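**Q** A single structure is presented below for examination.
What follows is calculated from the coordinates using simple rules that are stated; it is not laboratory data. Since the structure is predicted, the reported quantities are computational estimates derived from the model, not experimental observations. We place every Cβ from the backbone using ideal geometry, glycine too, and count neighbours over all the protein chains shown.
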Amino acid sequence: MRVGDLVKKLYILPLLIVLMLFSSCTTSRVNQDMINRGLDKANIERITITNNRYAGRYTIVGEKNINRLRKNVIRALRVSVDNKLEPDFVIDFYDNTKRLSTFKYIAGIDDKKTANLIDENGNLYHINPSIENEFIKRMMKKSDHLHVPEYYISLIEILIDKIKPEDNSTIVIDISKDFSITRSITSVEQKRILDDIDKNNLNLRMPKEVEKWDYSIKIITNTYNDKKCETVVTVTDKNQSVVKYKFEGSFERGKWSYHIKFK
């Protein structure tokens with residue numbers, strides 16, 4: 001073998017190895033679960049995204065738009081951390097005859113170790129939250145309501161003062177069905193509101209975060225117009241004793257004040 005040929009082979013061999021390794025790494029980025037579902041090669045006709053808090057639906061069509069979202073989903077990372085928040089959206093993939101896969105999606109989660117995508121079997125994944133650029137502005141139209149964080153915080157702090165829980169009590173705050181307000185607030189934003197409440201040695205949790213609790217506070221807002229509100233609150237203790245309150249509130253001088261009576 002001539003020296004020149006040997007040099008060429010010695011140069012080409014490492015290059016081939018690098019190309020093979022690069023190809024392997026690129027392929028391995030596709031999640032095997034998604035390959036098993038056929039999402040990597042299926043002929044996706046449309047993707048529908050449904051808001052869990054009201055009857056809003058957005059449909060993604062067109063090869064370019066579909067593949068942009070599909071690319072993120074098939075490269076999902078399998079994770080184990082579940083933040084127990086209510087999913088904000090349902091994502092459905094369809095071919096021309098049937099639904100192929102359904103996922104629940106929680107908006108606003110950047111931590112790559114925490115799930116923001118959940119399949120029909122409860123498997124947890126994290127995908128790049130940049131997919132929200134495809135639909136979040138259309139599906140979560142920001143409400144014109146003002147003073148919402150102050151509203152929930154003041155209401156809950158008054159209720160805690162009324163029920164006088166013992167130190168280290170666990171209190172579930174349930175605003176998940178308060179759709180007139182929460183339809184424009186993601187679960188992560190709801191959690192932030194909860195985190196801003198003065199806890200005073202109490203454990204405040206959202207409904208899915210705990211199974212056992214000392215008190216459950218469920219809030220349903222009947223009327224809200226930034227200056228006034230009418231709200232029904234149901235307080236249940238661990239012995240299943242139930243008390244209902246009716247709040248009539250007004251926002252003046254930068255804060256909410258309430259007239260409260262039993263319902």
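**Q** Starting with the highest mean, order 75-85, 61-71 by the number of other Cβ atoms within 10 Å, averaged over the residues of each peptide. Present the calculation step by step, with values, prior to reporting the outcome.
**A** On the way: 75-85: 15.5, 61-71: 13.4.
So the peptides 75-85, 61-71, ranked by packing, come out 75-85, 61-71.
**Q** What is the sum of charges, Lys and Arg at +1 and Asp and Glu at -1, for the other residues whose Cβ falls under 15 Å from the Cβ of E45?
**A** Working: positive: K41, R46, K64, R70, K98, R99; negative: E63, D92, D95.
Taking every other residue near E45 into account, the sum is +3.
**Q** Checking the cross-link filter: which aspartates and glutamates have an alpha carbon closer than 18 Å to that of K244, excluding same-chain neighbours under 8 positions apart?
**A** E157, D161, D174, D178, D214, E230
**Q** Assuming 1.567 mPa s and 4 °C, estimate D for the range 31-139 with Stokes-Einstein, Rh taken as the Kirkwood radius over Cα pairs, in µm²/s. Please list the in-between numbers first.
**A** Numbers: Rh = 13.9 Å.
It comes out at roughly 93 µm²/s.
**Q** So what's the Cα pair-distance distribution over the chain, bin width 5 Å, in %?
**A** 1, 5, 11, 13, 13, 12, 10, 8, 7, 6, 4, 2, 2, 1, 1, 1, 1, 1, 0, 0
**Q** Pairs to check: K191/K255; K71/K208; K104/K246; K137/K208. Give those whose C-alpha atoms are more than 23 Å from each other in this structure. If you can, show how the numbers build up before the last one.
**A** Values: K191/K255 21 Å; K71/K208 30 Å; K104/K246 34 Å; K137/K208 26 Å.
Where the Cα-Cα span goes over 23 Å, the pairs concerned are K71/K208; K104/K246; K137/K208.
**Q** In whole Hz, with x marking every Gly and Pro, tabulate ³J(HN,Hα) for the range 122-138 from phi via Karplus 6.51 cos²θ - 1.76 cosθ + 1.60, θ = phi - 60°.
**A** x, 5, 9, 9, 10, 10, 4, x, 4, 4, 5, 4, 6, 8, 4, 5, 7
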